[in-house]
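Written below as structure tokens is the structure these notes are about.
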Amino acid sequence: MSSTNRILSSDSGEETVVAPETLPWQQRADDDDETQAVASSPDGRFLKFNIEIGRGSFKTVYKGLDTETTVEVAWCELQTHRLSRSERNRFVEEVEMLKGLQHPNIAFFDSWKSTLRGHQGTILVTELMTSGTLKTYLRRFREMKLKLLQRWSFQILKGLQFLHTALPPILHRDLKCDNVFITGPTASVKIGDLGLATLKKASFAKSVIGTPEFMAPEMYDEKYDEGVDVYAFGMCILEMATSEYPYSECHNAAQIYRKVSSGTKPDSFFKVKVPELRQ
């Protein structure tokens, strides 16, 4: 028995072993483990901590730190070894385009190749969004005030304009409220999940890039331009205005495709009460 365990005796004479309390020095040791950097970027600017904050089918996200600004960041490890060589090269090329993009409404910092659990992988460093996504906000408050909708929509548009006027133009291809993040005490919004569209396509090779409810009809033909992001932005506004997912009346992607390709609007469109907003 550990010397730190305590034995309590009851009136009946029975003895009970009680787990030891966490002593102050032990708590400090645990804290030190969490605040000790376990990895860094090639240039030493970004640090990774052993604190997992998110996980997906092909990525794990840890808390990190930008040593230049002392701002916390999200350190995202992508398992790109699952891709073919051509898919991996294309993904790396697209991520390289994003490096160095600095804009108040874009959440992306840096990227580099790395060995993850014995396999070739990619690290993405983005801003750590402390207030969740636009999607979680809508779930929490249901009805968004018109002034807030206008302010956030304008910020999303500024981020899109920045991407679309880059040389060459950068298309997001999976814009939706789940990929728009709210950050900081000023509650500004930033477009996130940049550079992941190609990886998503490769992970689900038989699907078309994007989320069906937010995909413009021309995306199904794989012949499209920046307009697909503007279409998706319109669907974001619709969700913000109604707190409903577009085409939620549909039960599968095939039903959504039929409606989109025929120009049929989502049922939620007819729930928009403000005439100017509907227009």
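The values are calculated or read from the model by the stated rules, or taken from the named source; none is laboratory data. Computed from a predicted structure; not experimentally measured. Here the Cβ is made from the backbone with ideal geometry for all residues, glycine too, and neighbour counts use every protein chain on show. Note: areas computed on protein heavy atoms with side chains; ligands, DNA, RNA excluded. Shrake-Rupley method; radii C 1.70, N 1.55, O 1.52, S 1.80 Å.
Within the range 91-109, the residues that satisfy the criterion of being within 28 Å of Trp152 (Cβ to Cβ) and surrounded by fewer than 20 Cβ atoms within 10 Å (Cβ to Cβ) are Glu94, Met97, Leu98, Lys99, Gly100, Leu101, Gln102, His103, Pro104. Just to be sure, is Arg88 free of Cβ contacts under 8 Å to residues at least 60 places away in the same chain, charged (D, E, K, R) and buried (at least 16 other Cβ atoms within 10 Å of the Cβ)? In short, yes. Among the residues making up the range 264-277, those that are over 12 Å from Leu149 (Cβ atoms), part of a helix (DSSP H, G or I) and open to solvent by less than 100 Å² (accessible area, probe 1.4 Å) are Asp267, Ser268, Phe269, Pro275.
Considering only residues that are part of a helix (DSSP H, G or I), open to solvent by 50 Å² or more (accessible area, probe 1.4 Å) and touching a residue at least 24 places away in the same chain (Cβ under 8 Å), which ones fall in the range 142-154? Passing the criteria: only Leu146. The residues in the range 50-64 that are among the hydrophobic types (A, V, I, L, M, F, W, C) and either more than 19 Å from the chain's Cα centre (by Cα) or under 14 Å from Phe109 (Cβ atoms) (or both) can be counted, and the count is 1.
Residue-by-condition table, conditions (1) outside any loop (DSSP other than H, G, I, E, B); (2) touching a Ser or Thr at 6+ places or on another chain (Cβ under 8 Å); (3) aromatic (Phe, Trp, Tyr):
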site: Thr60; (1), (2), (3): yes, no, no
site: Lys63; (1), (2), (3): yes, no, no
site: Glu68; (1), (2), (3): no, no, no
site: Cys76; (1), (2), (3): yes, yes, no
site: His81; (1), (2), (3): yes, no, no
site: Glu87; (1), (2), (3): yes, yes, no
site: Ser114; (1), (2), (3): yes, yes, no
site: Thr126; (1), (2), (3): yes, no, no
site: Ser131; (1), (2), (3): no, yes, no
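Please pick out the residue among Thr133, Thr165, Thr186 that is at pLDDT below 90, open to solvent by 10 Å² or more (accessible area, probe 1.4 Å) and touching a Cys at 6+ places or on another chain (Cβ under 9 Å). Outline the logic, then answer.
Values: Thr165 fails: touching a Cys at 6+ places or on another chain (Cβ under 9 Å); Thr186 fails: touching a Cys at 6+ places or on another chain (Cβ under 9 Å).
Among Thr133, Thr165, Thr186, only Thr133 is at pLDDT below 90, open to solvent by 10 Å² or more (accessible area, probe 1.4 Å) and touching a Cys at 6+ places or on another chain (Cβ under 9 Å).
Condition check for Phe181 on (1) open to solvent by 40 Å² or more (accessible area, probe 1.4 Å); (2) closer than 20 Å to Ile53 by Cα; (3) at pLDDT below 85: one failure, at (3). When the range 246-259 is filtered for residues that are within 28 Å of Leu148 (Cα to Cα) and either open to solvent by less than 60 Å² (accessible area, probe 1.4 Å) or touching a strand residue (DSSP E or B) at 6+ places or on another chain (Cβ under 7 Å) (or both), the ones remaining, listed by number, are Pro246, Tyr247, Glu249. Residue check: is Lys48 part of a strand (DSSP E or B), among the charged types (D, E, K, R), open to solvent by 40 Å² or more (accessible area, probe 1.4 Å) and at pLDDT 90 or above? Criteria not met by Lys48. Among the residues of the range 111-133, is there at least one that is out of contact with any Phe, Trp or Tyr (no Cβ under 8 Å at 6 or more places or on another chain), farther than 21 Å from Phe46 by Cα and of a type in the set (Val, Ile, Thr)? Taking every residue of the range 111-133 in turn, none turns out to be out of contact with any Phe, Trp or Tyr (no Cβ under 8 Å at 6 or more places or on another chain), farther than 21 Å from Phe46 by Cα and of a type in the set (Val, Ile, Thr).
Just one of the listed residues (Ser57, Ser111, Ser9, Ser41) is among the hydroxyl-bearing types (Ser, Thr, Tyr), modelled with pLDDT under 75 and closer than 30 Å to Pro168 by Cβ, and it is Ser57.
Being more than 19 Å from Val61 (Cα to Cα), charged (D, E, K, R) and in contact with an Asp or Glu (Cβ under 8 Å, 6 or more places away or on another chain): is that true of Lys147 here? No: the conditions fail for Lys147. Given the criteria surrounded by fewer than 15 Cβ atoms within 10 Å (Cβ to Cβ) and out of contact with any Pro (no Cβ under 9 Å at 6 or more places or on another chain), does Phe233 qualify? Here the answer is no, as Phe233 does not meet what is asked.
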